[in-house]
Amino acid sequence: YHAARRGTVVPVYILDDPAEGRPLGSASRWWLHHSLEALRNDLPGLILLKGDALSQLTGLIAKTGADALYWNRCYEPAAIERDRTIKAALAAQGLDVRSFNGALMHEPWEISTGAGGPFKVYTPFWRAALKRDVEPPLPRACIKGPSLEMLGDDLCDWNLLPRAPDWAAGWREIWQPGEAGAVARLGDFIENGLDGYASLRDRPDRNNVSRLSAHLHFGEISPRQIWSALGFQADREPRLEHDRAKFLSEIGWREFSHHLLYHFPEMPTANWRPAFDAYPWRDSAHDLAAWQRGLTGYPFVDAGMRELWHTGVMHNRVRMIAASFLVKHLRIHWRAGEAWFWDTLVDADLANNVAGWQWVAGSGADASPYFRIFNPVTQGRRFDPDGAYVRRWCPELAGLGNDVIHAPFDAPAESLRKAGVELGATYPGPLVDHASARKDALKGYESVKNAAQTA
Ligand code: FAD
């Protein structure tokens with residue numbers, strides 16, 4: 001928008017993921033391919049380049065004679081470093097270099113505590129954010145410029161899509177990456193999901209969440225557009241105010257995660273609470289693989305892990321339970337879970353993923369307390385009361401009654417036989433016993449408490 005107002009535009013996308021801290025995960029690569037395909041259709045002339053961003057830009061500037069460089073900001077610590085270097089180098093050459101906020105309602109540095117520091121707790125952060133105006137989204141720009149896409153790469157040569165095996169074969173039926181898909185999904189959510197969001201957003205068996213996270217991550221829609229669309233909706237249907245406020249507060253968690261990552265850039269690799277360095281994590285390739293494959297013997301966890309594998313997302317409530325199972329029941333480091341999510345989620349996002357994992361582990365800012373150990377059976381009964389979610393993703397359990405579908409290991413032999421379930425053969429027995437796993441996890445946290453007291 002700003003570049004188009006200035007003059008002729010040469011649009012360029014540079015894939016420089018190692019410089020952003022870590023290579024894209026496999027599911028993100030799939031999304032990026034289709035997102036760029038859609039962007040190329042919307043923005044003819046888009047040049048695709050790959051590799052070190054500064055040298056690619058320097059080459060392109062030499063070929064085109066560009067005298068300005070505009071981009072939307074990224075917030076991953078390594079991307080900030082890279083972009084600072086680019087800004088300094090090209091500004092020194094006399095270019096007009098400017099960056100803009102295209103991804104957040106408010107910049108992470110715009111919201112601060114009374115003392116001027118970063119927030120460490122979500123509720124006061126969001127209260128402070130709500131006191132600020134959210135800038136309205138910009139109108140669609142009319143971009144004019146020469147067609148120079150031949151200066152860039154062919155998208156197919158980037159090999160972003162999986163081949164043999166093509167594990168994403170059915171994903172085009174579920175997802176429509178790109179701006180049009182994002183706008184359609186927001187519209188569908190406002191029409192069909194928003195009403196009841198506050199009370200039903202925790203139910204993975206219902207359709208009351210927006211599924212906008214990947215679109216938001218890839219910049220196909222901005223939180224400002226969402227804010228504005230919901231404001232419009234609130235005027236039309238004031239009775240939905242509670243649902244609207246709840247939904248926006250979830251976008252608020254996204255803002256909070258970015259605020260945290262900006263102010264605590266070591267978060268992706270280090271415990272936000274250093275006392276957690278003392279936690280006695282277990283190393284078990286066997287248990288990690290069982291968790292990844294959805295074979296823990298706890299149906300609510302397994303359904304979530306299989307939903308993730310088959311669709312590239314997992315419902316938020318189930319993410320919490322599945323993540324908690326890994327770090328608390330299996331006592332495997334949150335970083336192993338974070339890495340698996342990074343590779344398999346289409347919405348993998350450094351800020352949200354790391355904040356989510358550290359929240360679950362108890363090591364993060366404003367985290368779930370260490371003694372809160374979700375029971376996957378009672379959580380399943382509460383949030384999937386008819387077992388519909390489990391039946392969908394663990395079809396081998398579909399014949400079990402609602403009373404035992406979340407705990408097949410407690411089912412009478414006759415119920416199992418009638419449902420065609422043979423524990424250890426058609427579906428695994430529980431990897432760990434909940435009560436003793438809980439006790440062991442709490443024992444482990446004694447070391448954290450001791451470390452915190454002596455710090
Ligand atoms: P909705 O309920 O419709 O919420 C709307 C939007 O708000 C989401 O699209 C998302 O952008 C934001 N949002 C909602 N909840 C959260 C939250 N807890 N933290 C931050 N933002 C939130 N989200 C990601 O986008 N990428 C991740 O890599 C990611 N990893 C996670 C890992 C763990 C262990 C946990 C517990 C949560 C993680 N989340 C992550 C947050 C959350 O699970 C997803 O954003 C949400 O499930 C996406 O579904 P939705 O778009 O239907 O959400």
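Summary table below
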{"quantity": "Inter-centroid distance (Cα atoms) of region 246-263 relative to region 108-130, Å", "calculated": "11 Å"}
{"quantity": "Dipole of the chain, positive end: most advanced residue of Pro395, Trp171, Phe189 [Cβ charges, Cα centre]", "calculated": "Phe189"}
{"quantity": "Low-density loop cleavage sites - GluC sites (Glu not before Pro) in region 413-455, where at most 12 other Cβ are within 10 Å (DSSP)", "calculated": "Glu422"}
{"quantity": "Euclidean distance between Cα centres, region 288-364 to region 1-37, Å", "calculated": "27 Å"}
{"quantity": "Burial ranking of peptide ranges 349-361, 40-52, 84-96 (average Cβ count within 10 Å, highest at the top)", "calculated": "349-361, 40-52, 84-96"}
{"quantity": "Peptides ranked, highest mean first, by Cβ atoms within 10 Å: ranges 10-20, 117-127", "calculated": "10-20, 117-127"}
{"quantity": "Local electrostatic count, Val134, Cβ distance below 13 Å [Lys/Arg +1, Asp/Glu -1]", "calculated": "-2"}
{"quantity": "FRET efficiency for Arg417 and His263, using Cβ-Cβ distance with R0 set to 60 Å, rounded to 0.05", "calculated": "0.60"}
{"quantity": "Theoretical FRET efficiency, 1/(1+(r/R0)^6), r = Cβ-Cβ of Ala339 and Arg236, R0 45 Å, to 0.05", "calculated": "0.55"}
{"quantity": "Exceeding the 25 Å Cα-Cα cut-off - candidates Lys63/Lys87; Lys120/Lys246; Lys328/Lys418; Lys120/Lys328", "calculated": "Lys328/Lys418"}
{"quantity": "With Cα atoms, 0 to 90° folded angle of helix 179-192 axis to the chain main axis", "calculated": "50 degrees"}
{"quantity": "Simple Cβ-charge dipole of the chain, Lys/Arg +1 and Asp/Glu -1, about Cα centre, in debye nearest 20", "calculated": "780 debye"}
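Any read-out appearing in this document is the output of simple, stated calculations on the displayed coordinates, not a laboratory observation. Values in this document were obtained by computation on a predicted structure and should not be read as measured data. Cβ atoms come from the backbone with ideal geometry, glycine included; neighbour counts cover every protein chain shown.
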